[in-house]
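The values are calculated or read from the model by the stated rules, or taken from the named source; none is laboratory data. Here the structure is a predicted model, which is why all the values come from computation and not from measurement. Glycine gets a Cβ as well: all are built from the backbone with ideal geometry, and neighbour counts include every protein chain shown.
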């Protein structure tokens with residue numbers, strides 16, 4: 001992955017490491033980060049010059065060139081970074097097709113967070129990101145959405 005005027009991916013990761021070190025030196029011990037995704041932007045300025053609607057259209061039409069799962073794993077190994085937890089791999093056809101089924105699936109596979117930084121952290125997860133290995137399809141299953149939807153349907 002090539003660098004830009006704003007630095008290389010390794011420099012970006014190093015900046016985060018330095019920030020974590022500063023927090024820890026100040027007595028804050030429950031600070032950390034994990035890599036969720038990597039995007040290869042060859043032109044990082046164009047998306048920032050348009051309106052919110054244009055940015056949304058760019059994003060929704062595939063403007064964010066996410067690397068594949070294999071490339072993400074290689075990148076994190078190369079730079080000594082940790083990824084967010086991978087929960088499972090399964091055929092997308094096996095995923096639930098209705099709200100009740102999706103809510104039950106979410107509760108089964110993410111009953112508590114797997115990213116807590118210490119024992120005192122809240123254990124309530126935000127949800128699960130479901131995606132294909134090539135990153136062409138990505139969906140977020142968020143607890144908040146499933147908790148809110150039944151109230152809206154009434």
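One line per residue, one yes/no per condition, for (1) under 24 Å from residue 39 (Cβ atoms); (2) surrounded by 13 or more Cβ atoms within 10 Å (Cβ to Cβ):
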residue: 75; (1), (2): yes, yes
residue: 78; (1), (2): yes, no
residue: 85; (1), (2): yes, no
residue: 103; (1), (2): no, yes
residue: 132; (1), (2): yes, no
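Quick check: is even one residue across region 46-64 at pLDDT 85 or above, surrounded by 14 or more Cβ atoms within 10 Å (Cβ to Cβ) and part of a loop (DSSP other than H, G, I, E, B)? Among the residues of region 46-64, not one is at pLDDT 85 or above, surrounded by 14 or more Cβ atoms within 10 Å (Cβ to Cβ) and part of a loop (DSSP other than H, G, I, E, B), which makes the answer no. In region 38-66, what count of residues is obtained for those that are under 25 Å from residue 113 (Cα atoms) and in contact with a helix residue (DSSP H, G or I) (Cβ under 9 Å, 6 or more places away or on another chain)? Final tally of qualifying residues: 2.
Residues that are surrounded by 13 or more Cβ atoms within 10 Å (Cβ to Cβ) and within 19 Å of the chain's Cα centre (by Cα) are absent from region 88-100. Criterion first (within 18 Å of the chain's Cα centre (by Cα), over 29 Å from residue 18 (Cβ atoms), surrounded by 11 or more Cβ atoms within 10 Å (Cβ to Cβ) and at pLDDT below 90) does residue 114 satisfy it? No. Inclusion of residue 78 among residues that are more than 18 Å from residue 131 (Cα to Cα) and outside the structural domain of residue 35 (by TED's automatic domain parsing) is not warranted. Scanning region 35-45 for residues that are in a loop (DSSP other than H, G, I, E, B) and surrounded by 12 or more Cβ atoms within 10 Å (Cβ to Cβ) gives 37, 38, 40, 41.
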